[in-house]
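Here the structure is laid out as structure tokens; the discussion comes afterwards.
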């Protein structure tokens with residue numbers, strides 16, 4: 001079935017071409033997921049709106065005057081992975097090096113990765129753990145949405161039909177320690193069976209304001225608040241790590257799939273929450 005492919009020269013014109021009442025009108029970023037849906041016949045577009053020329057803001061990576069990392073939605077994952085700005089955010093660079101394979105990262109964009117809302121995606125748990133947020137632009141102006149809550153369900157997000165992701169913003173890490181650990185049951189670049197992102201403020205020596213976020217084993221990235229409570233205000237040791245892993249497996253309802261049964265993934269939660277916390281404790285500080 002034929003369709004229109006348009007490439008507006010500005011964000012404003014791209015927004016004007018959206019049609020929230022017609023699901024066959026879609027924005028096009030890297031296209032790595034969208035093309036697969038089209039080839040399978042699952043999605044038949046009427047109009048695709050390429051964002052490739054929609055403005056410099058969408059393609060820029062920068063650290064602003066407050067020390068926050070701002071990543072345009074059309075930044076390709078490989079460009080982000082190699083960006084010198086990530087020296088201050090090493091957990092993001094480390095996560096990207098294990099995300100899919102380099103051929104995909106050369107094409108896929110940050111905005112597309114987030115907007116697709118595949119529960120197996122690697123970056124959403126990391127952005128949530130780092131208290132990131134997304135800037136969305138629409139016909140009514142711009143608004144900011146926390147990364148925690150952007151994915152509202154399986155392949156569903158808080159982005160309205162007349163909105164586009166403009167950029168992701170991650171506040172400066174400061175004294176935070178952070179890590180991401182995942183288990184792939186097939187090749188190393190396959191979708192993970194489970195991924196865990198962790199971060200906490202280590203300025204006082206003890207754990208403060210911990211975030212433990214589970215991905216891939218649930219319909220959307222999920223904070224493990226019982227496990228967070230176990231470590232909050234305490235000093236990390238092996239006994240505490242074991243307790244946190246047990247609490248995480250106890251609280252979360254995981255989903256079995258081709259990468260593992262419910263029972264198997266419950267065991268993975270125990271192991272990988274412990275592993276991610278230990279990684280953050282030993283090697284998760286900001287590079288200087």
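Observations
- Answer from 29, 53 - the residue that is surrounded by 20 or more Cβ atoms within 10 Å (Cβ to Cβ), under 20 Å from residue 16 (Cα atoms) and at pLDDT 95 or above: 29
- Matching residues in the stretch 253-272 - criterion: being buried (at least 16 other Cβ atoms within 10 Å of the Cβ), over 24 Å from residue 91 (Cα atoms) and touching a helix residue (DSSP H, G or I) at 6+ places or on another chain (Cβ under 6 Å): 254, 266
- Qualifying residue in the stretch 108-117 (condition: over 15 Å from residue 166 (Cα atoms), buried (at least 17 other Cβ atoms within 10 Å of the Cβ) and not assigned by TED's automatic domain parsing to the domain that holds residue 277): yes
- Filter result for residue 120 (out of contact with any strand residue (DSSP E or B) (no Cβ under 6 Å at 6 or more places or on another chain) and at pLDDT below 95): yes
- Screening 134, 99 for residues that are part of a loop (DSSP other than H, G, I, E, B) and under 18 Å from the mean Cα position of the chain (by Cα) leaves exactly one candidate, 99.
- So residue 229, is it surrounded by fewer than 16 Cβ atoms within 10 Å (Cβ to Cβ), under 17 Å from residue 130 (Cβ atoms), free of Cβ contacts under 8 Å to residues at least 40 places away in the same chain and in contact with a strand residue (DSSP E or B) (Cβ under 9 Å, 6 or more places away or on another chain): no
- Failed item in (1) out of contact with any helix residue (DSSP H, G or I) (no Cβ under 7 Å at 6 or more places or on another chain); (2) at pLDDT 95 or above; (3) not in a loop (DSSP other than H, G, I, E, B), with residue 104 passing the rest: (2)
Here's the yes/no breakdown for (1) out of contact with any strand residue (DSSP E or B) (no Cβ under 6 Å at 6 or more places or on another chain); (2) surrounded by 15 or more Cβ atoms within 10 Å (Cβ to Cβ); (3) modelled with pLDDT under 95; (4) under 23 Å from residue 147 (Cβ atoms):
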position	(1), (2), (3), (4)
193	no, yes, yes, yes
196	no, yes, no, yes
213	no, yes, no, yes
223	no, yes, no, yes
274	yes, yes, no, no
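- On inspection, residue 127 qualifies as within 13 Å of residue 95 (Cβ to Cβ) and either not in a strand (DSSP E or B) or not assigned by TED's automatic domain parsing to the domain that holds residue 221 (or both).
- Residue under evaluation residue 122, criteria (1) under 10 Å from the mean Cα position of the chain (by Cα); (2) in contact (Cβ under 8 Å) with a residue 60 or more places away in the chain; (3) within 21 Å of residue 23 (Cβ to Cβ), criterion not met: (3)
- Taken as a whole, the structure places residue 65 among residues that are in the same structural domain as residue 104 (by TED's automatic domain parsing) and either closer than 14 Å to residue 163 by Cβ or free of Cβ contacts under 8 Å to residues at least 12 places away in the same chain (or both).
- Scanning the stretch 29-61 for residues that are assigned to a strand (DSSP E or B) and either over 23 Å from residue 169 (Cα atoms) or without any contact (Cβ under 8 Å) to a residue 24 or more places away in the chain (or both) yields 47, 48, 49.
- Consider the stretch 80-96 and keep the residues that are assigned to a helix (DSSP H, G or I) and touching a strand residue (DSSP E or B) at 6+ places or on another chain (Cβ under 7 Å). The one that is surrounded by the most Cβ atoms within 10 Å (Cβ to Cβ) is 91.
The values are calculated or read from the model by the stated rules, or taken from the named source; none is laboratory data. These figures come from a predicted structure and were not determined experimentally. Cβ coordinates were reconstructed from backbone atoms using ideal geometry, including for glycine residues, and neighbour counts include every protein chain displayed.
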